[in-house]
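This report concerns only the one structure given below.
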Amino acid sequence: MNEKFSYTTGTYAAAAAKAAVKNLLGESHSENVEVKLPANEKAEISVNHMKQKKNCAECGVIKKSIEETDVTNNMEIIARVSFREDDQIIIDGGDGIGRVTKPGLQLPVGEAAINPVPRKMILSSIKELTDRGVNVLISVPNGEEIAEKTTNARLGIIGGISIIGTTGIMKRKSHSSFKQTILEQLKFCEKNEFKEVIITPGNISEKAMQIHFRDKFQDHQIVQSGDYLGFTLKNAFKMKFSIILAGHPGKLAKVLSGHFQTHYTKSPAANKAVVSFFKNNVDNVILNELKESPTIEGMIHTLQKNDIIKLFNDLAETIEKKVQVYLKTDLPVPTLLFNMNKELVALSNTGTKWASK
């Protein structure tokens, strides 16, 4: 395994599906299977087991993780595939894959918790091999037990784990060694005389900034904080950078309750803090809907549905002020909030000024 990164459950699921379809097509069994990642890089995944029956084939792969705390490390992901009479590729979850039971996630209620990017990876991997329709069933032995060690139940994902990933690659973000990566990025920006850095929690907000504000910065100016938001902010401030803060409120709103280390084992979900923030600005019906939402993403949907999403601008403003207090400065920290679809949903006052420059 590469010492700097590993692959997501989505990459392993796509690899298992591709290997199983190759076997179903009559290709000889190989020890490894290659899958294309969203950024057109390639990953080579080892095949753990392969079975073939008359009308279906099954492949299992073992997920290896760079994260010491990753509960999915050494977990087997199995894909069982069979041909269909039409040309559709239908992806579903079997044993050990959770089901979405509440709104507010990237998938509709009732769907197997196989996120959109892994679904696309599975689809494209199969389409490389055949134009025929295929049924794909992803399962994880002991997935339900493994899920008990995650936040899935809190998000309304019941019965197993999620198949996730936005880039196919998993980098260290919660281990202390990730701090060195952050410092290296900041030193690079300093050496190249950038005056401004954009701090984002991860890949989704980085991509969102590239989509909406490509003309305002270079990619090198983006520094991913992972779970070390406070560490990144303090070091960027110490190095006298102007700071732009951009991310999903599910991460950034944790600062409302004073949490600048955002890993779920170190800080509570931001739900209660966000509900409390909005309680005097919405009626009881909407407030109850916010309380029932398992995610901040669901709260965004609720305010959008009721045409009051502008209230999130106030949240962005408050996040900026909390960051200023944390850094003991009155210098602006323009704050931009995005949803999981990478849509811009809110800006602080200085964020609006920065965006319109």
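Throughout, read-outs are computed from the coordinates displayed, never taken from laboratory work. Every value quoted in this text rests on a predicted model; they were computed, and no experiment measured them. As a convention, Cβ positions derive from the backbone with ideal geometry for all residues, glycine included, and neighbour counts pool all protein chains shown.
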Checklist entry - For the chain, what's the relative contact order in percent, using C-alpha pairs closer than 8 Å and at least 6 residues apart? => result 14
Item to check | Helical contribution to [θ] at 222 nm, DSSP H n ≥ 4, -39,500 (n - 2.57), averaged over the chain, rounded to 500 | outcome: -10500 deg cm²/dmol
Checklist entry - Which whole number of Å³ per residue matches the convex hull of the alpha-carbon atoms in the chain? => result 143
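How do Asp87, Asp227 rank when sorted from fewest to most other Cβ atoms within 10 Å of their own Cβ?
On the way: Asp87 10, Asp227 23.
By the 10 Å Cβ count, ascending, the order reads Asp87, Asp227.
Of the listed pairs Lys187/Lys342; Lys195/Lys322; Lys53/Lys149; Lys207/Lys251; Lys251/Lys291, which have alpha-carbon separations greater than 25 Å here? Display every interim value, and only then the final one.
Working: Lys187/Lys342 28 Å; Lys195/Lys322 22 Å; Lys53/Lys149 34 Å; Lys207/Lys251 16 Å; Lys251/Lys291 18 Å.
Violating the 25 Å Cα-Cα cut-off are Lys187/Lys342; Lys53/Lys149.
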Checklist entry - What is the local net charge at Ala270, summed over the other residues whose Cβ is closer than 9 Å to its Cβ (Lys, Arg +1; Asp, Glu -1)? => result +3
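Counting other C-beta atoms within 10 Å, and keeping those with at most 13, which DSSP coil trypsin sites (Lys or Arg not before Pro) do you find in the stretch 111-149?
Working: sites: Arg119, Lys120, Lys127, Arg132, Lys149; in loops: Arg132, Lys149.
Of the trypsin sites (Lys or Arg not before Pro), the ones in loops of the stretch 111-149 whose Cβ has at most 13 other Cβ atoms within 10 Å are Lys149.
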Next on the checklist: Pick from Ile308, Ile146, Ile122 the residue whose mean-square fluctuation is largest in a GNM of the chain, springs joining Cα atoms under 10 Å.
Outcome noted: Ile308
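Out of the DSSP beta bridges found with both residues in the stretch 173-356, what percent are antiparallel (nearest 5)? Don't jump to the answer; show the numbers that get you there.
On the way: 3 of 13 bridges.
Antiparallel: roughly 25 percent of the beta bridges in the stretch 173-356.
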Checklist entry - Over its Cα atoms, what ratio of radius of gyration to 2.2 N^0.38 Å does the stretch 58-141 give? => result 1.18
Item to check | Fluctuation leader among Gly168, Gly26, Gly159 - the chain, Gaussian network, Cα springs under 10 angstrom | outcome: Gly26
Item to check | Whole-angstrom gap from the stretch 327-348 to the stretch 218-252, using each part's C-alpha centre | outcome: 11
Next on the checklist: What does DSSP give for the chain in terms of the percent of beta bridges that are antiparallel, rounded to the nearest 5?
Outcome noted: 65
Checklist outcome for this item: Cα-Cα longer than 26 Å, checked against Lys216/Lys321; Lys64/Lys102; Lys18/Lys171; Lys238/Lys321; Lys238/Lys266, kept in input order, equals Lys64/Lys102
Checklist entry - In whole Å, what is the distance between the alpha-carbon centres of the stretch 174-217 and the stretch 61-116? => result 30
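Multiply the residue separation of Asp131 and Asp330 by 0.36 nm, subtract the distance between their alpha-carbon atoms, and state the gained length in nm to one decimal. The partial results should precede the final answer.
Values: separation 199, 0.36 × 199 = 71.64 nm, distance 5.93 nm.
That works out to 65.7 nm of additional length.
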Checklist entry - Taking the chain as a Gaussian network, where each spring joins two C-alpha atoms under 10 Å apart, which residue of Ser205, Ser28, Ser124 fluctuates the most? => result Ser28
Item to check | DSSP-defined antiparallel bridges as percent of all bridges, the stretch 51-155, nearest 5 | outcome: 75
Item to check | For peptides 270-281, 252-263, 344-355, sequence by mean Cβ density within 10 Å, most packed first | outcome: 252-263, 344-355, 270-281
